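Worksheet for the structure shown next.
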Amino acid sequence: MIEIAATGPLNTIQDLGRPGYRNVGVTGCGAMDPLALTIGNILVGNAPEAAGIEVQTFPFRLRFSERSAFAVTGADCRAKLDGVDLPPWWAAEAEAGQVLELFPPLKDARTYFSLAGGVDVAPVMGSRSTSLRGGFGGLDGRVLAAGDRLETGAATPLFLPKDGYGVVPPSIALKDVFSSADGGALVIRALPAGEHDLFGADAERFWTQPWKISARSDRTGYRLSGDPIHPIETVEMRSHGVVPGVVQVPPAGEPIVQMSDANTAGGYPKIAGVIEADLWRLGQARIGSLLRFVPATHGEAKAVEKALAAYVEDVRRTARLVAGALAAFA
Amino acid sequence: MSVLQTAAFPSPSAVVPDTDGLAKISAIGTRAFLVEAPGAFDLPNQRRIWALSHALEARGEIAEIVPGMTNLLVILKETPDGPEGITHLLQEEWRRAQGVDLAGREIEIAVTYGGEHASDLPALCDLSGLSDREVVRIHHEGTYRVFALGSAPGFGYLHGLDPRIHMPRKTVPSLNMVRGCVTIGGMQTGVAVLTGPNGWNSIGFAELQMFDPLAAAPAVMAPGDTVRFRPERIEL
Amino acid sequence: MAKRDRATGGEAIGDFSDPVLISTLTGWLEASGARELEITTADGRALKIVLAAGRPVAKLSEAAPEQPAGGPEAHAVKAPLAGIFQDRHPAAAGPLAEEGLSLTAGALAGFVEVGPVLLPVRAREAGVVIEVRARAGDLVGYGDTILLTEAAR
């Protein structure tokens, strides 16, 4: 069991989401950076569907009630265990009574806390993710608060190196696949969507100008600010299902990118859809930062997915081998 | 979870729209494709969407099917190499899709028309030129079909609203509309399932709980259901 | 000593021609006390490593073959496993240990990189770094001395 000692206002229990219920209006939810949560789960020997804590407001502090392996991945939040620094993207073992502290990251937006066995709350519709809008999932459908006690699921017996271990962060290991900033703007690949051509010359400006992530952005969606774009003619759209990553343009002309807690249906013209393998980077983008969209094809999206999957698989296999080798030494 | 929870049966050919128009098919993400019916926002077109949904259910490469208003979102399990194959398949299935009706349930919803939650009833009277009594009568005498669920857990988009009481969505949404408000959004009506911001216009209130996340079938409504509103009280 | 560039890829542990992998596995084999290791992958590739006869098999309890230079006071900070030595975290700007720097007991002095995994190189005892033997990018074996420290006077 762990106890939340201090937390900002918007931290929730998340897993990889609740797919399959959009047809009854239920949002997918899930980690904004599913890659970070996945790596955290691998490092502590969890199944991919184990739930962790998504920390997006800091400082965050928790106390371990019993000895437990844990991992901190995602944004580098200068984590400390009983005052001792932990490297980013790191797993270690905490003794009962030890306190883990996460501080505001200097870059990136969200940190993931995973622990061996996962955070054990009752799954709702197949997922432990918190749906704040629906008021279910996670811990009673709400954000975490100081004093909350969270049960731990059954951990897989795993030798966690005594001195801890970690991974080369994906932004570095995959730097050729996820090119870093373009003149300070995060480069996000997207496919042109249904109403792209309706924007005429403005569609070109959608791709060329940098967009700033406005303060009115959260897990539901990112509102972008920039030079507005407008369709050539106004079309009355009928409500249709949407997925995270879809870029819609409301009448004011500033796009909205739907994110993990997105509404399941929408009706604004869609200009583009962010490729799924770039969503984790968008999930780490901070309010006030710039991003630029570059057009991609399905083939390119698939190549990026493969590179990402290869990294995850390499971590999974190597972590197991290394843990096994160190266990043999001990 | 199955989109079509009730048995489907072919309807008389008369309900099949007399069009060989192609559906509009577009990518909205790497694995997601939207099929939009050409033509009117009407029951025949929605019946073809239901038929398309039914036809696609058994396909192993599809992860999720989400019916919308005369459209269908299809989410694949894996990113395709290109859009051509799936687009061709969806167009073929659309061409083949004969209108089906869904043997839905009949749902009666008790409504308090007017009163404290009917915040937009006066504006609807102004817009329509009708008295509040007429607006209420026209609304509760209607028979509605659940076209699709979406937007919020268990929210049913109801088709069949009398054109006399159509009312555009608000440009500035109400910030805290209460769950249970009976609302009108354009040519659609529905019952709010969450308390929160809402751009539709409220004319009444219903107690019925539309969604229970812990139930085996969490949503009360399903596409194809017939909905009637019974005026339990009218406070004007 | 071999240098590898992280960006070139090909660091999947399944690549049996990889010298780092072979070296890593050999190190583990030595440490485990076994003489022979055979691995077959699902696609039928196989790797067999046999330790040369007569070569002393190092057990962890006996693994202190090197006499650290720098006098009897010196303490050797060693590689926990075979891999590529890195003197800093890949996301960090500066090295963790340099000559003259004080390390507390348990302090991080670098990392050994095995594919995408990072293992910490930690000082067991507090001391001042008197010599850094491994350079970033060096292939190191299990138990190799990374650096030497001396108790502060």
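Table for the structure above
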{"read-out": "Positions within the stretch C:88-121 being under 12 Å from the mean Cα position of the chain (by Cα), in contact (Cβ under 8 Å) with a residue 40 or more places away in the chain and more than 10 Å from chain A (Cβ to nearest Cβ), in sequence order", "value": "none"}
{"read-out": "Selection within the stretch B:192-234 - away from chain A (no Cβ under 14 Å) and either of a type in the set (A, V, I, L, M) or open to solvent by less than 10 Å² (accessible area, probe 1.4 Å) (or both)", "value": "B:Asn201, B:Ser202, B:Ile203, B:Gly204, B:Ala206, B:Leu208, B:Val227, B:Phe229, B:Ile234"}
{"read-out": "Residue that is surrounded by the most Cβ atoms within 10 Å (Cβ to Cβ), among those in the stretch A:275-288 that are more than 14 Å from chain B (Cβ to nearest Cβ) and either within 17 Å of the chain's Cα centre (by Cα) or hydrophobic (A, V, I, L, M, F, W, C) (or both)", "value": "A:Gly283"}
{"read-out": "Some residue of the stretch A:118-132 being in contact (Cβ under 8 Å) with a residue 40 or more places away in the chain, away from every other protein chain (no Cβ under 14 Å) and not acidic (Asp, Glu)", "value": "yes"}
{"read-out": "Any hit, the stretch A:84-92, residues being farther than 30 Å from A:Ala325 by Cβ, open to solvent by 10 Å² or more (accessible area, probe 1.4 Å) and at pLDDT 95 or above", "value": "no"}
{"read-out": "Per-region count, the stretch B:46-68, residues within 13 Å of another protein chain (Cβ to nearest Cβ), open to solvent by 20 Å² or more (accessible area, probe 1.4 Å) and not in a strand (DSSP E or B)", "value": "2"}
{"read-out": "Residues of the stretch A:186-224 satisfying the condition of being small (Gly, Ala, Ser), crowded, with 17+ Cβ neighbours inside 10 Å and farther than 23 Å from B:Ser151 by Cβ", "value": "A:Ala190, A:Ala203"}
{"read-out": "Among the residues listed as A:Asp108, A:Asp176, the single one being of a type in the set (Asp, Glu), surrounded by fewer than 20 Cβ atoms within 10 Å (Cβ to Cβ) and within 30 Å of A:Val246 (Cα to Cα)", "value": "A:Asp176"}
{"read-out": "Residue ID - most open to solvent (accessible area, probe 1.4 Å), chosen from residues in the stretch B:130-159 that are within 14 Å of chain A (Cβ to nearest Cβ) and not small (Gly, Ala, Ser)", "value": "B:His159"}
{"read-out": "Subset of the stretch A:235-247 that is touching a residue at least 12 places away in the same chain (Cβ under 8 Å) and surrounded by fewer than 24 Cβ atoms within 10 Å (Cβ to Cβ) - its residue that is farthest from the other protein chains (Cβ to nearest Cβ)", "value": "A:Val235"}
{"read-out": "Strands (runs of 3 or more DSSP E) contained in the stretch B:116-199 and holding at least 3 residues closer than 27 Å to B:Val66 by Cα and of a type outside the set (D, E, K, R)", "value": "B:144-149, B:156-159, B:181-185, B:188-191, B:196-198"}
{"read-out": "Among (1) in contact with a strand residue (DSSP E or B) (Cβ under 7 Å, 6 or more places away or on another chain); (2) open to solvent by 10 Å² or more (accessible area, probe 1.4 Å), the one test that B:Tyr113 misses", "value": "(2)"}
{"read-out": "A:Val99, sole failed condition from (1) hydrophobic (A, V, I, L, M, F, W, C); (2) within 21 Å of A:Ser260 (Cα to Cα); (3) away from chain B (no Cβ under 14 Å)", "value": "(2)"}
{"read-out": "Test for B:Ala97: is it crowded, with 22+ Cβ neighbours inside 10 Å, of a type in the set (A, V, I, L, M, F, W, C) and modelled with pLDDT under 95", "value": "yes"}
{"read-out": "Top-ranked residue of the stretch B:18-45 - restricted to ones that are of a type in the set (S, T, N, Q) and either over 14 Å from B:Leu89 (Cα atoms) or surrounded by 24 or more Cβ atoms within 10 Å (Cβ to Cβ) (or both), ranked as modelled with the lowest pLDDT", "value": "B:Thr19"}
{"read-out": "Unique match (being touching a helix residue (DSSP H, G or I) at 6+ places or on another chain (Cβ under 7 Å), over 29 Å from A:Val242 (Cβ atoms) and either open to solvent by 10 Å² or more (accessible area, probe 1.4 Å) or modelled with pLDDT of 95 or more (or both)) among B:Leu127, B:Leu121", "value": "B:Leu121"}
{"read-out": "Meets criteria (open to solvent by 10 Å² or more (accessible area, probe 1.4 Å), within 14 Å of chain B (Cβ to nearest Cβ) and out of contact with any strand residue (DSSP E or B) (no Cβ under 7 Å at 6 or more places or on another chain)) for A:Gly135", "value": "yes"}
{"read-out": "Among (1) in contact (Cβ under 8 Å) with a residue 40 or more places away in the chain; (2) under 28 Å from A:Ala319 (Cα atoms), the one test that A:Leu139 misses", "value": "(2)"}
{"read-out": "Qualifying positions in the stretch B:115-138 - in contact (Cβ under 8 Å) with a residue 60 or more places away in the chain and farther than 23 Å from B:Pro197 by Cβ", "value": "B:Asp132, B:Arg133, B:Val135, B:Val136"}
{"read-out": "Failed condition for A:Gly117, given (1) over 17 Å from A:Glu151 (Cα atoms); (2) surrounded by fewer than 24 Cβ atoms within 10 Å (Cβ to Cβ); (3) of a type outside the set (A, V, I, L, M); (4) in contact with a Gly (Cβ under 7 Å, 6 or more places away or on another chain)", "value": "(1)"}
{"read-out": "Contacts under 8 angstrom Cβ, first residue in the stretch A:304-330 being closer than 17 Å to A:Trp280 by Cβ and more than 7 Å from chain C (Cβ to nearest Cβ), partner open to solvent by less than 30 Å² (accessible area, probe 1.4 Å) and aromatic (Phe, Trp, Tyr), 6 or more apart", "value": "A:Val304/A:Phe178"}
{"read-out": "Where a residue in the stretch B:80-108 is over 25 Å from A:Gly194 (Cβ atoms) and its partner, wherever it lies, is among the small types (Gly, Ala, Ser) and in a helix (DSSP H, G or I), with Cβ under 6 Å and at least six apart", "value": "B:Gln98/B:Ala51; B:Val100/B:Ala51"}
{"read-out": "Filter result (more than 12 Å from the chain's Cα centre (by Cα) and within 14 Å of another protein chain (Cβ to nearest Cβ)) within the stretch A:1-36", "value": "A:Arg18, A:Pro19, A:Gly20, A:Tyr21, A:Arg22, A:Asn23, A:Val24, A:Gly25, A:Val26, A:Thr27, A:Gly28"}
{"read-out": "Qualifying residue in the stretch C:90-103 (condition: of a type outside the set (A, V, I, L, M, F, W, C) and crowded, with 17+ Cβ neighbours inside 10 Å)", "value": "yes"}
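Listed here are the residues, each with its yes/no results for (1) over 18 Å from B:Asn71 (Cβ atoms); (2) touching a residue at least 60 places away in the same chain (Cβ under 8 Å); (3) out of contact with any Ser or Thr (no Cβ under 9 Å at 6 or more places or on another chain).
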residue	(1), (2), (3)
A:His196	no, yes, no
A:Glu204	yes, no, yes
A:Trp207	yes, yes, yes
A:Pro210	yes, yes, yes
A:Ser217	yes, yes, yes
A:Pro250	yes, no, yes
A:Gly253	yes, no, yes
A:Asn263	no, yes, no
A:Gly267	no, no, no
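Residues checked against (1) farther than 27 Å from A:Ala79 by Cα; (2) under 24 Å from the mean Cα position of the chain (by Cα):
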| position | (1), (2) |
| --- | --- |
| A:Pro169 | no, yes |
| A:Ala173 | no, yes |
| A:Val177 | yes, yes |
| A:Ser180 | no, yes |
| A:Leu191 | yes, yes |
| A:Leu198 | yes, no |
| A:Arg205 | yes, no |
| A:Trp211 | yes, yes |
| A:Arg219 | no, yes |
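The values are calculated or read from the model by the stated rules, or taken from the named source; none is laboratory data. Predicted model, so just to flag it, every value in this text is computed and none were measured. All Cβ positions, glycine included, derive from the backbone under ideal geometry; neighbour counts span all protein chains shown. Note: areas computed on protein heavy atoms with side chains; ligands, DNA, RNA excluded. Shrake-Rupley method; radii C 1.70, N 1.55, O 1.52, S 1.80 Å.
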